[in-house]
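J.: I'd like to ask some things about the structure below.
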Amino acid sequence: MRVGILTGGGDCPGLNAVIRAVTRKGIIHYDYDILGIKNGWLGLIEGRIMPLDFEAISGILPRGGTILGTTRTNPFRVEDGVGKIFSQVEKFELDAVIAVGGEDTLGVAKKLHEKGLRCVGVPKTIDNDISGTEYTFGFDTAVSIVAEALDRLHTTAEAHHRVMVVEVMGRHAGWIAVEGGLAGGADIILIPEFPFDFDEICAQIQKRRERGKLFSIVVVAEGAKPQDESLILQSGETDAFGHVRLGGIGNFIAREIEMRTAIDTRVTVLGHIQRGGSPTAFDRILATRFGVAAIELVHDEKFGYMVGLKCGKIVPVSFEEALAEPKTVDAELYEIAKVFFG
Ligand code: F6P
């Protein structure tokens, strides 16, 4: 068997661990030829494909990013993109493709599988918003980075009696904000699932001041929005999957808080720092388990499925189930976070 692997969409800590696991498991247990496809779906359109062997994957487990490179290419938006993919699959004699990515990359995998590509998926995103899996790798690393940032910001917030607004990633879902905020002791957490009210935020900050807490930490997911208002955008530009570029909600909130409370307020946008660097041990292990399981899916010819984590076990999840809708933060978890508001 000749098995191709690609990484698509935003990079994420743990991608290299998946590539390493797929390569080792494929070669050692099944004597497969493993081929790395460069730069996501673009590499399959262009035929940028390289063999992966033990030498190629040596030392990559702790490395962030992806040795294969990535793009947000949507073959369905490229002229004859799909036709070119099928030609390259034939030319390179690929028996199967493993697509490692989030909703967009896996969405392409699903459509190509429906057209006959023998494809399996591995869910990746720091946002943790893919259905059918309790966790995606990269999320734990992002949460740890947010928690550490909050610990550091607490000291300055307290010393200067300030409000610190911290903008984190999370387009459709506030998992990073809620779990990072819980781990770092945030005083208010705002997420896309529950539009917020400025009166309530300011009341919580005032309540804290009344009991002698002169500082507050507000964590906001980039996709959060005020009640009755739309998303705050960095630009109206959309990518190949129709997503607008988010960013700016932190500054928007900080201005409003300062205006309404007259408390000195500062903003930190964590941005791509949350996606960079070495994966946590949890993410290395999850990514490794996913990679090994992806080869098993290929071996069992279970195409049209991704690997997922359910009740501690790695199980096959159909693309339909995974992509039906984003996995958002449930009210129960947000209620726990709210115990610590104000
Ligand atoms: O999907 C993961 C993610 O990190 C989102 O949270 C964020 O909106 C987006 O990627 C940012 O993407 P880019 O790297 O293109 O700025």
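We did not get these values from a lab; they are worked out from the coordinates using the rules stated. Values in this document were obtained by computation on a predicted structure and should not be read as measured data. Positions of Cβ are generated from backbone atoms using ideal geometry, with glycine treated the same way; all protein chains shown enter the neighbour counts.
J.: As an exercise, identify the trypsin sites (Lys or Arg not before Pro) in the stretch 46-153 lying in DSSP coil whose Cβ has no more than 11 other Cβ atoms within 10 Å.
T.: The qualifying sites are Lys115.
J.: Going toward the positive end of the dipole of the stretch 220-333, with +1 on Lys and Arg Cβ and -1 on Asp and Glu Cβ, which of Ala254, Ala281, Ser235 do you reach last?
T.: So the residue we want is Ala281.
J.: Dipole size in debye (nearest 20) for the chain around its Cα centre, Lys and Arg Cβ +1, Asp and Glu Cβ -1?
T.: Dipole magnitude for the chain comes out near 640 debye.
J.: List the GluC sites (Glu not before Pro) in the stretch 285-342 that DSSP assigns to loop (not H, G, I, E or B) and whose Cβ has at most 11 other Cβ atoms within 10 Å. Which are they?
T.: Answer by residue number: Glu301.
J.: Mean residue ellipticity at 222 nm from the helices of the chain, using -39,500 (n - 2.57) per DSSP H segment of n ≥ 4 over the full residue count, to the nearest 500 deg cm²/dmol?
T.: It comes out at -12500 deg cm²/dmol, rounded to the nearest 500.
J.: When the Kirkwood hydrodynamic radius is evaluated over all pairs of different C-alpha atoms of the stretch 156-244, what value in angstrom, to one decimal, is obtained?
T.: Kirkwood hydrodynamic radius for the stretch 156-244: 14.1 Å.
J.: Could you tell me what fraction of 2.2 N^0.38 Å the Cα radius of gyration of the chain comes to, as a two-decimal ratio?
T.: 1.06
J.: Can you give me the P(r) profile for the stretch 46-101? Cα pairs, bins 10 angstrom wide beginning at 0, each as a whole percent.
T.: 16, 46, 29, 8
J.: Still on this structure: Pulled fully out, how much extra length does the chain show between His272 and Arg255, if you take 0.36 nm times their separation in residues and subtract their Cα-Cα distance?
T.: Net length gain for the segment: 3.8 nm.
J.: Oh, and also: In whole Å and largest first, what semi-axes does the C-alpha gyration tensor of the stretch 4-102 yield when each eigenvalue is scaled by 5 and square-rooted?
T.: 22, 17, 9
J.: Return the loop-located GluC sites (Glu not before Pro) in the stretch 65-161 (DSSP other than H, G, I, E, B) with at most 16 other Cβ atoms within 10 Å of their own Cβ; answer none if there are none.
T.: Listed in order of number, the matching sites are Glu79, Glu93, Glu134.
J.: My understanding is that a pair violates if its Cα-Cα distance is over 24 Å; which of Lys25/Lys302; Lys110/Lys302; Lys110/Lys225 do that in this structure?
T.: Lys110/Lys225
J.: Please provide three numbers in whole Å: the alpha-carbon extents of the stretch 15-63 along the principal axes, with the largest listed first.
T.: 29, 25, 15
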